[in-house]
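Report on one structure; see the data block that follows.
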Amino acid sequence: MPSIRRYFRMLGMEIPLCLYMLGSYLKYPVFQNLIFEKECLRKYDQNVTFCRDVTAYYDDKDIQSASNHFYFISSLVLMVPSLVTTLLLGAATDYWSMKIPLVIPYIGCIAGSVNYVLQSYFLHADVNLLLISDALFGVCGGFIAIISTTLTYGVKTSLIRHRSYRIAGIEGAIGLGGTIGYALSGTIREACGYVYTFVIILALEVVALLYLLILAKESHFEPIERDSEQCLLLPPESNRKSYTEPVGTITHNRPALLKATGKHLANVVVEFYKVLSKERKFRAVLCLNLIAFGVELLIFAGLADIQYSYLRYELKWGDKKYGWFSGLSYGITTATVLLLYPLLRMKFFSDGILGCLGLTTKIASLFMFAFVQNEYMAFSITIVMMFNRFVSTGFRAFISSVIEMHEQGKIFSVISLLEGATSLAATSIFNNVYPKTLDFFPGLLYLISACLLIIPLTILGFVLQVYLIFLPRISDRVVRSRQSPEYSEDVLGSHNDVIDESD
């Protein structure tokens, strides 16, 4: 019970993240349905009555192909600028502010939703005008910046032995928002129409932004003259403990700090390379995890892009049934990551083992998807998918545990960069290949994806587990830093633990 109470007390920025994800997953099926409807209107001379009937043109391969191509362009417009912005925001969380990088992506998200309201009101307008929303959100960092900055804020304000639970909480917030958003998306759209659905999404995003502005805690960053101008995250003067060792000369010159931040941002790619290439005890483990995680992210992003089109083509589903299916699957996976993952992690298994469990069940579910025949079979897959979220939770927790405290912002930006790069690759591959499979086997990409997941399963399940025989439980092998401990007492009231790499 004390562990459970402590787990829920740690919740903070998970709340606005949950609100954002609720709006995002309300939007996702509705946005896809809007694309199909606008493409149909363009092909069939603005016949609104015909284009609102999913069953009338579910198997129209031209509309399928055009919609997937537009979604591909939409993803490019969103992802390309968001990769650059996420790198900059990740650097800012380490050297300048943790609050401002949290806020910036939400501003772009709200601006994009305003355009969605306008484009859904003017339904007959060109479908390409929807790309304005992607551009606005992408320039401000996009969804990868929201996830990255929230993860960074979470791990920087948590003890290392609690990071698995913090990350599980973030995954749970994503899943809870996804569950409710997916389940209600098509129902709200049918009842209220496109315009009011996007107004509801806009309201959720505004509330999330207000929460951040009011309740997110700012941290005090001050540069020091040690180890190539590294920065420590220090508490306010009134809360600062006395140190037994000097930590360098501290400057309170704000312009100098901003100048140093700008200099760092100009060299941000080099800094990220240093994080990955730095000689450290667990470097091989870090690199192998990033490779495995990259493969999983590629498959996740690619299948997410085509799943609505696939189920629409195979089962004649619109956004309503697709929302029910996705809401159920997200609800089940959220319950397991919120309740079962922390319990198993505390009592029985490591992050690596739980990640293997998630990968194994995910492979099984993809084989079932490839040969789905009816609604009953589709909904039964949700049970097999229950451990899917263990994969990302396990990878993120494992990776963060082998990185030093002052590098947490960079490594989560590296992960976000990896996520963005794999998303770009996935959307290019899956959205362009999938329409070509409709003539012979629409489930082909699901089979290929299941086979590719053997790569991360092999790395995580065999290579890393054998490695861990000689380095027992890396995720738990933590000590207090013996030199210049890093504090986040303004948030937690206790020291942060760091990996000891000196022995």
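Just so you know, all these numbers are worked out from the coordinates, no wet-lab data involved. All values derive from a computational prediction rather than experimental measurement. Quick reminder, even Gly has a Cβ in these numbers, built from the backbone with ideal geometry, and neighbours come from all protein chains shown.
Amide H neighbours of Lys99 under 5 Å, at least 5 residues apart or on other chains, H built in the peptide plane: list them.
Residues meeting the amide H criterion: Ser219.
Cα gyration tensor of the range 278-340, axes a ≥ b ≥ c as square roots of the eigenvalues: rounded (a/c below 1.5), prolate (a/b > b/c) or oblate?
oblate
When you count, for each residue, the other Cβ atoms within 10 Å and take the mean per peptide, how do 382-394, 302-314 rank with the highest first?
The peptides rank, most packed first, as 382-394, 302-314.
Beta carbons within 10 angstrom, averaged per residue: use that to sort the peptides 360-373, 117-130, highest first.
360-373, 117-130
Structure shown: which of Lys27/Lys321; Lys99/Lys156; Lys99/Lys278; Lys38/Lys61 lie over 21 Å apart, alpha-carbon to alpha-carbon?
Violating the 21 Å limit, Cα to Cα: Lys99/Lys278.
Give me a comma-separated list of calculated 3J(HN,Hα) values for the range 300-314, in order, Karplus coefficients 6.51, -1.76, 1.60 applied at θ = phi - 60°, integers in Hz, x for any Gly or Pro.
Per-residue couplings from phi come out as 4, 5, x, 5, 4, 5, 9, 5, 4, 4, 5, 6, 5, 6, 7 Hz.
From the backbone phi of the range 183-195, what are the Karplus-calculated ³J(HN,Hα) couplings (6.51 cos²θ - 1.76 cosθ + 1.60, θ = phi - 60°) in whole Hz, Gly and Pro given as x?
Residue by residue, the range 183-195 yields 4, 9, 4, x, 5, 5, 5, 5, 7, 10, x, 5, 4 Hz.
What is the range 14-170's relative contact order, in percent, from Cα pairs under 8 angstrom and six or more apart in sequence?
Computed value for the range 14-170: 28 percent relative contact order.
Under 5 Å between amide hydrogens, which residues at least 5 positions from Trp317 or on another chain qualify, with H placed 1.01 Å from N in the peptide plane?
Arg312
Ser82: net charge of surrounding residues, Cβ under 13 Å, Lys/Arg +1, Asp/Glu -1, itself excluded?
That sum, taken over residues with Cβ under 13 Å, equals -2.
Can you list residues whose amide H is under 5 Å from Asp60's amide H, if they're 5+ apart or on another chain and H is modeled 1.01 Å from N?
It is none; the list stays empty.
List, in order, the whole-Hz ³J(HN,Hα) value for each residue of the range 59-64 obtained from phi through the Karplus relation with A = 6.51, B = -1.76, C = 1.60 and θ = phi - 60°; use x for Gly and Pro.
Each residue of the range 59-64 in turn: 9, 6, 5, 5, 5, 4 Hz.
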